[in-house]
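Throughout, read-outs are computed from the coordinates displayed, never taken from laboratory work. Because the structure is a prediction, the values reported are computed rather than measured. For neighbour counting, all protein chains shown are included, and Cβ atoms are generated from backbone atoms with ideal geometry for every residue, glycine included.
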Amino acid sequence: MGIGTSKGAFYEDEFHYQSSVWDPKYDPNDDKMVVTPPQVEQNKQLEQQDYSVMGGIDVNYKAPVPQLDTQSMFEIKRGGPPIPEPEVYANVKGPEGQNFQITSEDRDKGIDVAMSFGTGTMAGVKSALIKGKLADLGHAQILESNGVAGKDIATTTGFFRGADGKWRHEIPDGPAKLDTTWIGKDPDAFGVVHDKLKNIIDHPELFKHYPELADLHVKHDPKMHPTEAAYDSLSNDITFGSSAAQDKGTVMHEVQHAIQEIEGFAKGGTFAKVGQGIYDLKLEGDFAKYMSGVEDRFRSINESYKTNKKLSEDDLNWIKNHDQTVRKYGEYRAEADKEARRNYLRLAGETEARNVYTRAEMTPKEARSIPPHDTQDLQYNQQIVIDRPSWTTAYGAMIDDNKFLKAPDLSGF
């Protein structure tokens, strides 16, 4: 929620308001760093636009005017094929002997691993050959080029673009069955249970699309917070707390992070707290410098009190200002941690994985009729798209030491 001030400034959130106390970057007189009410209203209007056509990278994007007539649009929404299928470029046999066609449209659009597509679990190009989905992807691209809205493309073809601009379709998770007893298996010397994903969840469709996930290493660590879970892209394994290990939505949330690694989708991450040594909070050095001189001033005040048995007006004012300074800086640090977590929630990979959790019990029919755009909790223009797992801070997602990537639009969150 935005915060207004008597000076007419309008801050994006509490962190930026508190920052104005310490950080000249948020000076209310600096128009570049202050969000005014008219700008907020414009951002709200932008949020109502359909960003799914191009993935939400440009917040000023306007979808092209559809070139199809009203009857054709009605046919598309009904699921009919109003546009002729592209000519066949090649007939291909899938790994299980299926016959399907690659069209000239597929070829010309450059279908490759960089063009990924993802109910339930968001799958990519590497699963297209198994499903024989290339014709549907070609159809989706034709509809897009004719200005059809992303939601209509999704319900018609099953394909949609993520916040990273890459195509996805869904592997329904509703039919999958999780073995909630797996955490009771024999632990190692540290109390950790080790297993493979295929042994804890019965999900044939997932493993048909991604055979490599069948042997994905999963762990139950009773020392982890019960509701927490984490995918480690370096070791390529998932660790679950006790409750998380028995929740199908949480399991599929973490599996989605593994798929993001396979497909090159936008990644998730974790948030950094102030004082962990991950990043430098602005003016932290100035506060440390200020505190380094406090001891001498307090020693002087004590000596003066011993001599005079009272404090001067100057000393009283200094103590009052000191207390206020320490309190405000503490608020600044606390708001920084809150903002770091908000930025973590804005990561496109985390938003997608949360959507997987939301849709984990949907049937295939429900998933096809309710596009992922309708169930995600953040619009594309509010998400931070980054190509590797990242720490998030009060200033955005870390790209390098004290260099941050922020979402195109952070208002209204």
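Details
- Distance cut-off 15 Å, percentage of C-alpha pairs in the stretch 204-246 lying past it: 48 percent
- When peptides 372-380, 182-190 are ranked by their average number of other Cβ atoms within 10 Å per residue, the highest-first order is 372-380, 182-190.
- Separation of alpha-carbon centers, the stretch 180-237 and the stretch 132-154, rounded to whole Å: 35 Å
- Convex hull per residue volume in Å³, alpha carbons only, for the stretch 173-247: 89 Å³
- Highest to lowest packing among 381-390, 346-355, scored as the average C-beta count within 10 Å: 346-355, 381-390
- At full extension, H322 and T307 could sit 3.2 nm farther apart than now, given 0.36 nm per residue minus the alpha carbon distance.
- Label positions at Q276 and E261, each projected 7 Å from the Cα along the C-beta direction, are separated by 1.9 nm.
- Take each peptide in 216-224, 287-295, 270-278, 315-323, count the other Cβ atoms within 10 Å of every residue, and average; sorted highest first, the result is 216-224, 270-278, 315-323, 287-295.
- Rg of the Cα atoms in the stretch 156-308, relative to 2.2 N^0.38 Å, amounts to 1.65.
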